[in-house]
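Any read-out appearing in this document is the output of simple, stated calculations on the displayed coordinates, not a laboratory observation. Values in this document were obtained by computation on a predicted structure and should not be read as measured data. Using ideal geometry, Cβ is built from the backbone for each residue, glycine included, and neighbour counts are taken over all protein chains shown.
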Amino acid sequence: MKITKEIKTAILVLSGILLFIFIFNYLKGENLLNNSRKITAIYDNVEGLVPSAAVTINGHNIGKVQDITFTEDGSGKLEVLMLIDSNFKFSKNSTAELYESGLIGGKAIAIVPANDGAENASSGDVLRSEIKPGLTDLVNQRLTPLQQKIEKVMASTDVLLANINSIFDEKTKSNIRGSFSQLEQTIASFESTSNALNALLQDNKTSITTTLDNFSDISENLSEVSSNLAESDLKQTINGLQSTISNFDQLLKNIEKGEGSIGKLMQDEGLYNNLEGALSQMEALLEDMKLNPKRYVHFSLFGKKPKPYSTDDSNNKSN
């Protein structure tokens, strides 16, 4: 059978159309020659995720994001269509986790297999979706409480500065300036006193040196005296003093017992009464001798015999 030119042209046109369709779908991320699965996941926010973003399992690329559209329920959620061309089987209860793929903010989707023995995922299934916090989110989570604390500190600082400004009014500032002026005068006085003291020490340097030498000599003498006292028979002296005290204690005990003259005198009441009576009689005798000396003393210049003493003469004389 002879192929005509029209048939060849038709075959060529159909081949071009098929090639165009294949290239168009390939550029969209769909390979018509592979048995790819179209699986969907719904997210509240996919900021940074773009079509043709990678879809991975355990870091291995198994497909790409084919399309991102809004859901038809008007909730504003986003439906992400993933084209998975891998033969790896995973449960339809697996999770499609949105994560940051790099530091510049790119996003990708990681399939986290459930491994629960359920039915394998196939085209048209909708996986559970999760968003893994990225580096930016983690930084924001850390910085937000810190920012709030800084704001509170700044507010407290503003209040503190306002209170300080209210305290340091013009009168207080004037008092502080006066205090600094007085402090400056006090420092100047101390400086003058220090200079005078230095001059005094300089003028009396010789006297101070002599005084210190004398003090050193006195210290040496005291050291010698202490050494002599230490070398002396101080123990024997103390023993003698203790013996004397012991004898004195024994003497006091004997007196208390009534031994010896002093003891008998202190303990014998009769002896004490006799002694007291004798003293009374002696006192009366001395009084009588003062009043009547002729009764006891007879003196004659010419050798005459003295007259006998009579009480009448004494009474007449006393009258």
- Item | Exposure proxy order (Cβ contacts within 10 Å, fewest to most) of Arg142, Arg128 | Arg142, Arg128
- Query: Which pairs in the list Lys38/Lys77; Lys92/Lys132; Lys235/Lys257; Lys8/Lys38; Lys5/Lys38 are over 30 Å apart, alpha-carbon to alpha-carbon?
  - Reply: Lys235/Lys257; Lys8/Lys38; Lys5/Lys38
- Message: How would Ile208, Ile131 line up from fewest to most surrounding beta-carbon atoms within 10 angstrom?
- Response: Ile208, Ile131
- Message: Taking θ = phi - 60°, what integer Hz values does the Karplus form 6.51 cos²θ - 1.76 cosθ + 1.60 yield along region 91-101, in sequence order, with x for Gly and Pro?
- Response: 5, 6, 8, 5, 10, 9, 9, 8, 9, 7, 8
